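The values are calculated or read from the model by the stated rules, or taken from the named source; none is laboratory data. Just so you know, these numbers come straight off a predicted model, no measurement behind them. A quick note on method: Cβ atoms are made from the backbone with ideal geometry, for glycine too, and the neighbour counts reach across all protein chains shown. Quick note on the areas: whole protein, heavy atoms, side chains included, nothing else; ligands and nucleic acids left out. Shrake-Rupley method; radii C 1.70, N 1.55, O 1.52, S 1.80 Å.
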Amino acid sequence: IILGFQHYAVMLGTTVMIATLLVPQMGGGPGDTARVIQTLLFMSGLNTLFQTWIGTRLPTVIGPSYAYVIPVLGIINDLSDDSSLSDKERFVHTMKTIQGSLIISSFVNMLLGYSCLWGKLTRRLSPVVLVPTVCVAGLGLYSRGFPQLANCVEIGLPMLLLLVVTQQYLQHIHPRAQPKLERYALLLCIGLMWAFAAILTAAGAYRNARLQTQQHCRTDRSFLMSSAPWIWIPYPFRWGGPIFRATPIFGMMGAAIVTSAESTPVFYAAARLSGATSPPSHVVSRSIGLQGVGQLVEGMFGSLVGTTAAVENVGLLGLTRVGSRRAVQISAAFMIFFSIFGKFGAFFASIPLPIFAAIYCILYGIVAATGISFLQFTNSNSMRNIYVSGVSLFLSISISQYFIVDTDSTGHGPVRTNGGWFNDILNTVFSSAPTVALVVGSVLDNTLRGNSMEDRGVPWLLPFHRRSGDSRNEEFYSYPLNVNEYIP
């Protein structure tokens, strides 16, 4: 139960970041932000249960995705010049447009998954391609680490140092302390630094500080506690009937493809860190299809963005060395509980974001190093392998950073043609480092000649792609409750 709550606490940071970034620009107030966070938590809990139960069956938390931010900013920008709408009307209209776009674009993932097209693509991924793809799943998120931590360095930096010292060094002071600190040090450090931030807030340390500093450092700046309802149950079409418009729908389709590309390396990292075999292609296919079903439900319930496999929670598997599916399912129960009882959820959402940024500095690094570990299955002395991995790794970070830096606050990126839908698709796809790594690495590895299958590590990965290739596949990935007898 404690491990499950720890997973919930880790994923909460991304949820709050996305909601506090987008909702004010949509015209929503603190009360709207609180309800959006509750909806995001509710849908994350449901999708996590679905994935751990009948999806990949891996201990992965499914959380909100940044891939949808650019399409949402495009929708916000379309309504920003309409002076006839009040802020409340603009917020509701934006939410209804997002609903319609999520509903239609969800069929992209369902088509990719249930047609087994995505699984056939993953069969072409050798360990040479997995190295940069999994690596940038962590490295590509570096902007959410120290840059966010530095927004309130007096809280973020002590949190980073305290976590390293407590979790890595103090565990060796006594044999009984090792398992406890290894597993629960993260939660202990969050509690200590959160209390420290609350003391600074109550003592008036930020009373005369800049507004930006107050927003990042104070524990009472978001007004979530005062605006969140005690009990609020998310239900379908909460904001009204969905609005279907072509341009936002195409933008969301690009984001749906990106979430598929981002979830795939996270699944491989989760399997490696939890001690499972690499996910077979049919398991990856059904998980992507189920992700599409989840997005359809998210559109119906009025979620702000779609979901993807959470990188930070996979890093937590490596940090605690606990790859328990049950702990992740308990975390989903916490998400659903706190989404309904809003005051309790808002209480934990008041944790300053630099505390989460300090945690991400560790967890994203673990995922990045997991990608590097796939090198052991390849011939690391092969210049061809070095070329494919190196070029894919560099271009994925370089291209995505170019698109992110050149995207303004209204969602307009480097691609600016007369077709808004075309712009949103390309700007969204190329802003994702794992997507670029997957494309570049797959093309290079499958077109360049000169290496044997053994040098590329294919013989190690091939048995896991087949249903009966490894006896452990059934143990890790078969459906629960003997469902496999009826749905092979």
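Odds and ends about this structure:
- Distance (nanometres) between label positions extended 7 Å along Cα→Cβ at Ser227 and Asp87: 0.8 nm
- Helices meeting the span-like rule in the chain (full DSSP H runs, Cα extent of at least 24 Å along the helix axis, mean Kyte-Doolittle score of 0.0 or higher): 2-26, 30-54, 87-114, 177-202, 246-274, 281-301, 353-372, 383-405.
- Each Cα pair under 8 Å and six or more residues apart adds its separation to the average, and for the range 355-487 the resulting relative contact order is 25 percent.
- Percent carbon-and-sulfur accessible area, the chain, ignoring ligands, DNA and RNA, probe 1.4 Å: 64 percent
- For the range 1-128: relative contact order, % (alpha-carbon pairs under 8 angstrom, 6 or more apart): 24 percent
- Amide hydrogen proximity for Thr308: with H placed 1.01 Å from N in the peptide plane, the residues at 5 or more positions away or on another chain lying under 5 Å are Gly63, Ser65.
- Measuring nothing but how far apart in sequence close Cα pairs (under 8 Å, 6+ apart) lie, relative to its length, the chain scores a relative contact order of 33 percent.
- For the chain, adding -39500 (n - 2.57) for each run of n ≥ 4 DSSP H residues and dividing by the number of residues yields -22000 deg cm²/dmol at 222 nm.
- Partners for Lys343 among aspartates and glutamates (Cα-Cα distance below 19 Å; same-chain residues under 8 apart left out): Asp32, Asp220
- In this structure the chain gives 40 Å² per residue of accessible area when probed at 1.4 Å with all protein chains present.
- Total charge dipole magnitude, the chain, about the Cα centre, Cβ charges on Lys, Arg, Asp, Glu only, Debye to nearest 20: 740 debye
- Taking chymotrypsin sites (Phe, Trp or Tyr not before Pro) across the range 213-260, the ones in a DSSP loop with at most 14 further Cβ atoms lying within 10 angstrom of their Cβ are Trp230, Phe237, Phe244.
- Shape call, the range 327-474: gyration tensor on alpha carbons, a/c limit 1.5: oblate
- For the chain, the cysteines with no partner cysteine C-beta closer than 4.7 Å are Cys116, Cys135, Cys189, Cys361.
- Charge dipole of the range 1-110 (Cα centre as origin; +1 on each Lys and Arg Cβ, -1 on each Asp and Glu Cβ, all else neutral): 420 debye, rounded to the nearest 20.
- Taken about its Cα centre, the range 310-418 carries a charge dipole of roughly 360 debye when the Cβ of each Lys and Arg holds +1 and the Cβ of each Asp and Glu holds -1.
- The residue among Phe237, Val311, Gln376 whose Cα reaches farthest toward the positive pole of the charge dipole of the range 1-480, with charges on the beta-carbon of Lys, Arg, Asp and Glu, is Gln376.
- The alpha carbon radius of gyration of the range 1-114, expressed as a multiple of 2.2 N^0.38 Å, is 1.19.
- Which of Leu79, Ser400, Ile173, positive extreme of dipole for the chain (C-beta unit charges): Ile173
- When the Cα positions of Gly100, Pro59, Pro127 are compared along the charge dipole of the range 1-143, Pro127 comes out farthest toward the positive end, with charges on each C-beta of Lys, Arg, Asp and Glu.
- When the square roots of the Cα gyration tensor eigenvalues are ordered a ≥ b ≥ c, the ratio a/c for the range 1-480 is 1.5 or more and a/b does not exceed b/c, which makes its shape oblate.
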